[in-house]
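Asks: Take a look at the following structure, please.
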Amino acid sequence: MSEWLVLSIAMAAACAVVLTIVVINNRRVREDDDPSETPDVMDYMTMMIGVIYAIVLGLAIAGVWEGRSAAQESVRQEAQALHEVQQRVQVYPAEVRDRIRADVDAYVSFVVRSEWPHMSEHEALSAKGTELFDRIRTDVSQYAPRTDLEGQAYQPLVDQVAAADDARGARGQNAGATMPGVVWFGLIIGAVVTVGLIFVLQIRRTFRELLLAGLFSVLISFLLFLIWDFDAPYGRGISATAAPFLDLFPQIGS
């Protein structure tokens with residue numbers, strides 16, 4: 001099911017539930033009921049709970065967005081390090097240079113076409129990807145430089161492979177959800193309490209009040225969906241992409 005379809009269903013359901021409760025609740029109100037009798041302290045507490053929950057939502061969105069940004073940055077670092085490997089091996093003999101470049105291309109192609117869907121489904125790196133990366137490491141580290149120029153290029157190449165390995169590890173760590181279950185529990189309970197408190201204010205069935213109640217519930221649903229969507233940096237609609245690999249290795253995309 002599409003993430004946007006899930007969002008539409010969630011917002012429509014939340015709005016329908018809130019409006020249904022409002023309508024049913026108003027049928028039970030006596031004719032002599034005066035909504036102005038709501039204690040001032042009740043208005044104050046409702047406002048404070050709403051403000052506190054808004055702060056919590058803001059922090060949650062900032063946290064998952066930071067996680068997504070970190071995931072995208074690890075992809076960029078990995079792609080850049082592998083690109084440097086391909087460029088720096090030009091001082092090596094043709095046979096060695098072509099083998100390393102071919103292994104890098106094979107690894108990047110596998111990451112873009114196979115490992116990316118695997119991360120989305122299993123929230124982990126694939127064994128095949130690790131095997132292909134180890135082949136690059138072996139090619140680079142086991143070559144014995146024969147000239148001074150090759151010797152000068154050797155250590156930077158090893159460093160770039162290590163940087164790519166570190167970025168790959170970070171990519172694997174970011175593959176799963178970042179929000180703990182207890183945080184989700186708090187966010188959902190907070191949403192129920194915050195939306196439920198609008199009934200304390202004794203809203204009526206006027207178009208304006210029903211519209212505001214519906215829009216408020218839709219907004220809460222949308223913000224929770226946004227947190228859920230960002231919570232899996234590689235697995236959902238608004239996620240980190242393999243664009244850095246495609247930008248630095250255009251032959252893979254073609």
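Asks: Given the criteria crowded, with 18+ Cβ neighbours inside 10 Å, aromatic (F, W, Y), modelled with pLDDT of 85 or more and outside any loop (DSSP other than H, G, I, E, B), does W184 qualify?
Replies: Details: crowded, with 18+ Cβ neighbours inside 10 Å: no; aromatic (F, W, Y): yes; modelled with pLDDT of 85 or more: yes; outside any loop (DSSP other than H, G, I, E, B): yes.
Taking the combined requirement at face value, the residue does not satisfy it.
Asks: Which one is modelled with the lowest pLDDT, of the residues in segment 202-218 that are surrounded by fewer than 14 Cβ atoms within 10 Å (Cβ to Cβ) and either part of a helix (DSSP H, G or I) or touching a strand residue (DSSP E or B) at 6+ places or on another chain (Cβ under 6 Å) (or both)?
Replies: Ranking the candidates gives F207 first.
Asks: So, in segment 226-247, exactly how many residues are crowded, with 18+ Cβ neighbours inside 10 Å, at pLDDT 85 or above and touching a helix residue (DSSP H, G or I) at 6+ places or on another chain (Cβ under 8 Å)? First the steps, then the outcome.
Replies: Restricting attention to segment 226-247, the residues satisfying the condition of being crowded, with 18+ Cβ neighbours inside 10 Å are 227-235, 239-240, 242, 244-245.
Still in the running and at pLDDT 85 or above: 227-228, 244-245.
Going one step further and asking which of them are touching a helix residue (DSSP H, G or I) at 6+ places or on another chain (Cβ under 8 Å), we end up with 227, 244-245.
Count: 3.
Asks: Exactly one condition in (1) within 13 Å of Y92 (Cβ to Cβ); (2) exposed (fewer than 14 other Cβ atoms within 10 Å of the Cβ); (3) modelled with pLDDT under 90 is not met by E150; state its number.
Replies: (2)
Asks: Go over the candidates E115, E84 one by one and state the one that is in a helix (DSSP H, G or I), in contact (Cβ under 8 Å) with a residue 24 or more places away in the chain, of a type in the set (D, E) and surrounded by 12 or more Cβ atoms within 10 Å (Cβ to Cβ). Even if it seems obvious, please write down each step before you answer.
Replies: On the way: E115 fails: in contact (Cβ under 8 Å) with a residue 24 or more places away in the chain.
Only one candidate passes the filter, namely E84.
Asks: Oh, and also: Exactly one of (1) under 24 Å from A242 (Cβ atoms); (2) outside any helix (DSSP H, G or I) is unmet by F110. Its number?
Replies: The number of the failed condition is (2).
Asks: Sticking with this structure for a sec: Determine which single condition G176 fails, assuming it passes every other condition in (1) surrounded by 16 or more Cβ atoms within 10 Å (Cβ to Cβ); (2) under 19 Å from the mean Cα position of the chain (by Cα); (3) not in a helix (DSSP H, G or I).
Replies: (1)
Asks: Oh, and also: May I ask you to list the residues in segment 127-142 that are charged (D, E, K, R) and surrounded by fewer than 20 Cβ atoms within 10 Å (Cβ to Cβ)? Explain how you work it out, then say what you get.
Replies: So in segment 127-142, the residues charged (D, E, K, R) come out as 128, 131, 134-135, 137, 139.
Within segment 127-142, K128, E131, D134, R135, R137 qualify.
The values are calculated or read from the model by the stated rules, or taken from the named source; none is laboratory data. Since this is a predicted model, take the numbers as computed values, not measurements. Please note: Cβ atoms are built from the backbone with ideal geometry, for glycine as well, and neighbour counts cover all protein chains shown.
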